[in-house]
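Here the structure comes first, spelled out in structure tokens, and everything after it is commentary.
The values are calculated or read from the model by the stated rules, or taken from the named source; none is laboratory data. Remember, predicted model here, so these are calculated numbers, not experimental data. Cβ: placed from backbone, ideal geometry, glycine included. Neighbour counts: every protein chain shown.
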Amino acid sequence: MKKTILAAAAATLLAGCASMGDSGPRAVAQLLPTRGNSVTGTVTFAQRSSGVLVTVNVSGLKPGTEHGFHVHEKGDCSSGDGMSAGGHFNPFAKPHGGHPSMNRHAGDMPNLRADANGNASAAVDLDLLTVTDGPASVVGRAVIVHVQPDDYRSQPVGNAGARMACGVVRRA
């Protein structure tokens, strides 16, 4: 009986690991601070059969704070304030909203929460983005970390405030 339970548990674990190992296209954004900020990090986008797995690691945030986190339309972080990245990536002309609602911008992602050391890490599955070519491709876009949390209601961008970090998404 114990061997049967262990075998079933092992099979379930291996199946879960196999689905995590989808080896589709990947893209990465290196977050750099905007003028007057110190936020840095890495955002990885991995195409999977069910959508895109976004993995983020950010440092330099004020401890215990929450921050809006979005894909923006232009892969341009050249301005000192991050405004060159344009608005939220919205290829399907939807209103701004919270994840996991289907009625949201493709670039709307959950807020990041900094720990006691000012670091934030998260992994989220997104169903409206792709890493492959097409209108919903994240490649060539920018990722922004905002000063304030996204309220998921205010149009068109959730009242998340200034941009603390910006990174251009490039194929890995």
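Given the structure, is PHE69 under 16 Å from LEU53 (Cα atoms) and buried (at least 18 other Cβ atoms within 10 Å of the Cβ)? Answer is yes for this residue.
Just one of the listed residues (ALA160, ALA85) is closer than 20 Å to GLU66 by Cβ, hydrophobic (A, V, I, L, M, F, W, C) and surrounded by 15 or more Cβ atoms within 10 Å (Cβ to Cβ), namely ALA160.
Matching residues to (1) out of contact with any strand residue (DSSP E or B) (no Cβ under 6 Å at 6 or more places or on another chain); (2) among the acidic types (Asp, Glu); (3) modelled with pLDDT of 95 or more:
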position	(1), (2), (3)
SER78	yes, no, yes
GLY82	no, no, yes
HIS96	yes, no, no
PRO100	yes, no, no
ALA116	yes, no, yes
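Being surrounded by 21 or more Cβ atoms within 10 Å (Cβ to Cβ) and either touching a residue at least 24 places away in the same chain (Cβ under 8 Å) or in contact with a strand residue (DSSP E or B) (Cβ under 7 Å, 6 or more places away or on another chain) (or both) is the requirement here; does GLY107 meet it? Spelling it out, GLY107 is indeed surrounded by 21 or more Cβ atoms within 10 Å (Cβ to Cβ) and either touching a residue at least 24 places away in the same chain (Cβ under 8 Å) or in contact with a strand residue (DSSP E or B) (Cβ under 7 Å, 6 or more places away or on another chain) (or both).
Against the test of being at pLDDT 95 or above, within 25 Å of ARG26 (Cα to Cα), among the aliphatic types (A, V, I, L, M) and in contact with a helix residue (DSSP H, G or I) (Cβ under 9 Å, 6 or more places away or on another chain), the options VAL131, VAL168 yield a single qualifying residue, VAL168. Scanning the stretch 149-169 for residues that are more than 17 Å from GLY86 (Cα to Cα) and under 16 Å from the mean Cα position of the chain (by Cα) yields PRO149, TYR152. Among the residues of the stretch 110-127, those that are of a type in the set (A, V, I, L, M, F, W, C) and either surrounded by fewer than 14 Cβ atoms within 10 Å (Cβ to Cβ) or under 15 Å from VAL147 (Cα atoms) (or both) comprise LEU112, ALA114, ALA116, ALA120, ALA123.
So which strands (runs of 3 or more DSSP E) stay within the stretch 81-172 end to end and still have 1 or more residues that are among the acidic types (Asp, Glu)?
120-126
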